[in-house]
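We did not get these values from a lab; they are worked out from the coordinates using the rules stated. Everything numeric in this text was worked out from a predicted model, so none of it was measured. Heads up, the Cβs are rebuilt from the backbone with ideal geometry, glycines too, and the neighbour counts pull from every protein chain shown.
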Amino acid sequence: MSPMIHDGLADLKIDLKHYHVTNTTGFMLDRPLTELPTYFKPWEDIASSVASLIERRELRNAVLKMPLLDHNKLTGHRQLRLAHLQLAMIASGYVWQDGDVNVPKVLPKSVAVPLYYISQHLGLHPILSHVDLALANWTLVDPEGPIDFDNLACIYHLPGGAESDWFCIVTFMAEFNFAKCLEPMVNILEVLDNYQKLPVGDVTQRDRIVDRLVQQLDGLLAGVLDMQYSLTRMHDKLAGDTFYKVIRPFFGGWGGEGGPLPNGLVYEGVSENPLKYFGDTAAQSSTLQLLDALLCVEHDQEKRDTILLMRMYMPTAHKRLIEDIENRKHKLRHLVTSSHVDSLTEAYNKCLSAVVKFRTGHLQLVSKYVLMPARKSTQDSVENLDLKGTGGTSLMPFLKGLKQDTLDATAVTNKRDTFFGIKFGVLVAVVASVAVGLVVRLVANKK
Ligand code: HEM
C-alpha cells in the first residue's frame with residue numbers, strides 16, 4: 001500500500017462559491033444593486049448627495065429630518081449591502097461634516113438603528129468600511145463593457161470630486177486584479193493535497209505535479225503583478241493634499257485615543273453607551289491576508305494582532321476563506337523547501353517578490369498621501385512623525401515590517417545543496433580538485 005495522508009480539511013477542494021467569492025470579481029460584491037425600493041428613497045437622496053451636502057455644510061440638517069425607516073422591509077444580500085453602504089456613508093458624513101471640530105457624540109436613530117441592525121444581519125460593523133466603499137460601491141459605465149479603469153464608476157461619491165472617484169476606482173482595480181489569483185490558488189491547494197497522496201517512489205508523477213505547481217504559481221504571479229500595477233495608477237489622478245485633507249478625514253473611526261471621539265459614538269436607539277469602531281482602510285481588504293496565508297508569510301504577534309483586528313471588518317465568508325487556508329495541513333512553503341527543485345523555488349520566490357513589490361509601491365503611496373502632507377501641516381520631519389495606523393500601531397514600522405516578513409519568507413534555492421550560497425556540487429568539485437592537486441604535489445615531492 002502506498003502511504004496516503006488523510007486529514008479532513010487538507011483533502012477538501014476549495015469551492016469559491018462557498019466563500020462568496022468568484023474568479024472574475026474576487027472579493028468584490030458580484031453585480032451590486034444601485035437602487036433600493038422607493039420606500040428607502042430618503043436614504044438614497046442623502047447618500048447620493050453626501051459630497052455636495054458636506055460642501056454646503058447641510059448634511060447634518062438633512063439627516064436630522066430623515067425619517068426612521070423599517071429596515072426589515074429589505075430583502076436579500078444585495079439590498080442589505082447597498083443599504084449598509086448608504087447608511088455608513090451618511091453616518092461618516094454626519095460625524096465628520098466639519099472635520100474634527102464640532103464633532104457630534106450621538107448618531108441620530110434614523111441612521112443608527114437601521115445601520116446597526118443591518119450590520120448585525122450581515123456580520124459587519126456599523127461604520128463605513130472597505131467592504132462598503134471598495135467592495136460594494138462599484139458599477140460599470142457601459143454595462144456591456146470591460147471591467148477596467150475607464151469603464152468603472154462609483155455608485156456613491158466621497159468629497160473630493162473626480163480625484164476621490166479615482167481613489168475608489170484604483171482600489172476596485174486592485175481587488176479585481178486579485179481575482180486572477182483565485183483559480184491558481186485553488187489549483188495550488190489541490191496540487192499540494194495530491195502531492196501528499198503520491199507513493200514516495202513515484203518520481204514521474206512527482207515531477208508532473210511539480211511542473212503543474214510551477215505553472216499555477218506563474219498564474220498567481222501574473223495576478224499579483226497586475227494588482228501591483230493598479231496601485232501605481234493612483235498617482236495619475238490623485239493629489240497628496242486631496243487625499244490627506246479631503247478624503248482621509250471621512251474615513252475616521254470613533255473611539256481612538258487622541259481623536260475627537262475618544263469614548264466612541266452613541267448609536268441613538270441602540271445603546272446608551274458609546275460604541276467604538278475603526279475607520280475605513282484597505283488594510284481590511286482580504287487580498288493581502290489571503291496571499292500571506294497561501295505563501296506562508298509569517299508576522300510576529302504584534303503585527304498579527306493588528307491584522308486580526310482588520311480581519312474583523314471583512315465579510316464573514318471572506319474571513320473564513322483566509323482562516324481555512326491558514327489552517328490547511330499541507331503548506332506550500334513546506335513543499336517548496338523540502339522538494340529541492342530549483343524551478344519550483346524560483347516560481348515561489350517570484351510570487352513573494354511580487355508581493356514585496358506591491359508592499360513597496362504601497363509604502364510609496366503612504367509616504368506621498370499621508371506622511372508628506374502630515375509633515376507639511378506639522379512642519380515636522382518625516383523621521384520624527386510617529387503616525388498611528390488604524391489599528392493603533394506606528395504606521396511605517398508596521399508596514400515596513402510586513403514587507404520585511406515577506407522578504408524573509410524567500411526560500412533558498414536548493415538550500416540543502418548550498419554552503420554559504422555556493423552550490424554544494426560546485427563546492428565538492430573545488431574541494432576535490434584542490435585535494436587532487438595537493439596529492440599530486442605530495443607525490444611529486446616524495447619522488
Ligand atoms: C492613497 C492610497 C492609499 C493610502 C494612503 C493607503 C494607506 C494605508 C495605511 C495608512 C495603511 C496602514 C493601516 C491603516 O492605518 O489604515 C494601509 C494598509 C493597507 N493598505 Fe493601503 N493605502 C492606499 C491604497 C491602498 C490600495 C489601493 C490597496 C489595495 C487593496 C491597499 C491595501 C492595503 C493593505 C492590504 C494594507 C495592510 C498592510 C499590508 O498588508 O501590507 N491600500 N494603507
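Charge dipole (Cα centre; +1 on Lys/Arg Cβ, -1 on Asp/Glu Cβ; no other charges) of segment 274-355 amounts to roughly 240 debye.
Taken about its Cα centre, the chain carries a charge dipole of about 1200 debye when Lys and Arg each add +1 at the Cβ and Asp and Glu each add -1 at the Cβ. What does the charge count near Gly279 come to, summing +1 for each Lys or Arg and -1 for each Asp or Glu among other residues with Cβ under 13 Å from its Cβ? Result for the local shell: 0. Every Cα-Cα pair in the chain was counted, and those over 32 Å apart are 45% of them.
In percent, rounded to a whole number, the relative contact order of segment 250-332 is 25, using alpha-carbon pairs under 8 Å and six or more apart. When the chain is described by a simple charge dipole with +1 on each Lys and Arg Cβ and -1 on each Asp and Glu Cβ, the residue from Thr204, Thr38, Tyr348 located farthest towards its positive end is Thr204. Residues considered: Lys319, Lys388, Lys180. Largest GNM mean-square fluctuation over the chain, using C-alpha springs under 10 Å, is found at Lys388. Working from the Cα coordinates of segment 140-207, the gyration tensor eigenvalues give, after taking √(5λ), semi-axes of 44, 12, 8 Å in decreasing order.
Other residues within the sphere of radius under 14 Å centred on the Cβ of Lys403, judged by their own Cβ, net out at -1 (K and R +1, D and E -1).
Under the convention that each Lys and Arg Cβ holds +1 and each Asp and Glu Cβ holds -1, the size of the dipole of segment 217-284 around its Cα centre is about 180 debye. Partners of Lys350 within straight-line reach, counting lysines whose Cα lies under 21 Å from its Cα and excluding those fewer than 8 residues away in the same chain: Lys180, Lys331, Lys400, Lys403, Lys415, Lys423. Sorting the segments 140-148, 339-347, 40-48 by their mean number of nearby beta carbons within 10 angstrom, highest to lowest, gives 40-48, 339-347, 140-148. Between the alpha-carbon centres of segment 194-243 and segment 323-347 there is a gap of 13 Å. Looking at the chain, do any whole DSSP H helices span at least 24 angstrom along their long axis by alpha carbon and average 1.6 or above on Kyte-Doolittle, and which? Taking the DSSP H segments of the chain (at least 24 Å long, mean hydropathy at least 1.6), we get 424-446. Ranking Gly253, Gly99, His121 by Cα position along the charge dipole of the chain, where only Lys, Arg, Asp and Glu carry charges on their C-beta atoms, puts Gly253 farthest toward the positive end. For the pairs Lys13/Lys303; Lys109/Lys237; Lys17/Lys357, flag any whose C-alpha to C-alpha distance is greater than 32 Å. Listed pairs above 32 Å: Lys109/Lys237.
The order of the peptides 304-310, 242-248 by mean Cβ neighbours within 10 Å, most packed first, is 242-248, 304-310.
Per residue, the average separation of C-alpha pairs within less than 8 Å and at least 6 apart gives the chain a relative contact order of 18 percent.
Of the peptides 260-272, 358-370, the ranking by mean beta-carbon count within 10 Å, highest at the top, reads 358-370, 260-272.
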